[in-house]
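The values are calculated or read from the model by the stated rules, or taken from the named source; none is laboratory data. Keep in mind the model is a prediction, meaning the values are calculated, not measured. Backbone-built Cβ (ideal geometry, glycine too); neighbour counts: all protein chains shown.
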Amino acid sequence: MADENNARHNIVIVGGGAAGLELATRLGNKLGKKKLAEITLIDAATTHIWKPLLHEVAAGTLDESEQVEYLAQAHRSHFRFRLGKMEALNRQNKEIYVSPTFNDKGEELIPGRTFKYDTLVMSVGSVSNTFNIKGVAEHCLFLDTTTQAFGFQKQLFESYLKKYIGKDSAAVKPLSIAIVGAGATGVELSAQLHEVTDILAIYGLNEPSNVKLTIIEAATQLLPALPDKLAQATQQQLVKLGVDLKLGRRVTEVTKEGITTHDGEFIEADIKVWAAGIKAPDWMKGLDGLETNHINQLVVDNTLKTTDGDVFAMGDCAACVWQGHKGNVPPRAQAAHQQAETLYKSIINRLNGGELVAFTYYDYGSLVSLGKYTTVGNLMGSLMGTVSIGGFIAKMVYLSLYKMHQVAIHGYFRTAMLTLSNAFRRSAYIKIKMH
């Protein structure tokens, strides 16, 4: 089945993450509304959740109203949404191939399709890099997608029920959760899981002491993106919460029973989470001759253009040199947001016969939230240099980053209404999902 071709410029965006959805929304409101171009967003999921919040989904603490339905957003913002997973690219014919969609029973719901494009933007994000370590793929949970995060949440709650309900908690061995990787995802997830443990205890489903949380990290310090002082402060907070930190330990094998490190230590774990590195999806490697790097990212120039002038890439799946620094632009939400802004301008210019806009990454710092316990980070700016922040101020800045994303999608008024309604919902409903 092929999408109908038409005289309007076809802009196809693959991937509805932070960058992809923001770009589709802005182009839809600018071009789609006036019928100046046809904008199509393709994603394998039906809903969008801001990726930095996936650890809250996994812990069951994220309000369901934070999800964005792609179809509803497409209708409001004048672009088309098509459900499916891209599997191949044909640059000569300027078309992409999307795999069939199946339900849980293996029944085909949507056949494979072909989409024509004049401008293609790849924004498929990243997946966990297992580094080919034995047993990781088979025995670890991942938090790359909304589906995986919901799967984690389901397994977590079922593990609680199986472990404690109807049994003498004093005689039950603590539920053990091991997180491999002490970056932002691993650290934030550990704090969120600790908070969930407290909440379950309040509801009488568990004793706080009956959950053991462990973080395993190959480096000797957690949170490499933060200054040493802030990383140490975060480390002290996690130790205070009772999180067992195994730093300087490289994982060599994962089994059903637990995790083995390079020094021979075996760490028992009922639930094992892998958050130790990223790469672009394997199917992107050498995508129809496009240049990719060792972790499958599409190599782009300073305008986010690939080796094909009609194909662009942004977000975690793009390898873009960070001007004035060693290495590439880091895979962060703020980078994705800035790249979506740049490509929005470039595509408008492209349709009007103008020049592409050069992308410049501005690092505004890093923030790590430990749930209700604390938030730490550093802010960077031309006027004040680098400033370390923590506590309430850091928490408000962290929240503002998400609000900026919501504003880019919904606008100021709708974002204000969503924030207000969520405040009321949180006061009336249970703090965690139990289904």
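Things to note:
- Looking only at segment 19-37, and only at residues there that are outside any helix (DSSP H, G or I) and of a type outside the set (D, E, K, R), the one that is nearest to residue 316 (Cα to Cα): 37
- Qualifying residue in segment 232-247 (condition: in a strand (DSSP E or B), of a type in the set (A, V, I, L, M, F, W, C) and either at pLDDT 85 or above or more than 20 Å from residue 272 (Cβ to Cβ) (or both)): yes
- Restricting segment 394-426 to residues that are modelled with pLDDT of 70 or more and over 29 Å from residue 344 (Cα atoms), the residue that is surrounded by the most Cβ atoms within 10 Å (Cβ to Cβ): 421
- Lone qualifier among 188, 253, 207 - being modelled with pLDDT of 95 or more and among the acidic types (Asp, Glu): 253
- The lone criterion from (1) surrounded by fewer than 19 Cβ atoms within 10 Å (Cβ to Cβ); (2) modelled with pLDDT of 95 or more; (3) assigned by TED's automatic domain parsing to the domain that holds residue 29 left unmet by residue 311 is number (1).
- Pairs are defined by a Cβ separation below 7 Å, a sequence spacing of at least 6 or placement on different chains, a first member in segment 247-258 that is exposed (fewer than 14 other Cβ atoms within 10 Å of the Cβ), and a second member that is assigned to a strand (DSSP E or B); the pairs so defined are 257/268.
- Failed condition for residue 276, given (1) over 25 Å from residue 362 (Cβ atoms); (2) crowded, with 20+ Cβ neighbours inside 10 Å; (3) modelled with pLDDT of 95 or more: (3)
- Test for residue 125: is it more than 30 Å from residue 303 (Cβ to Cβ) and buried (at least 19 other Cβ atoms within 10 Å of the Cβ): no
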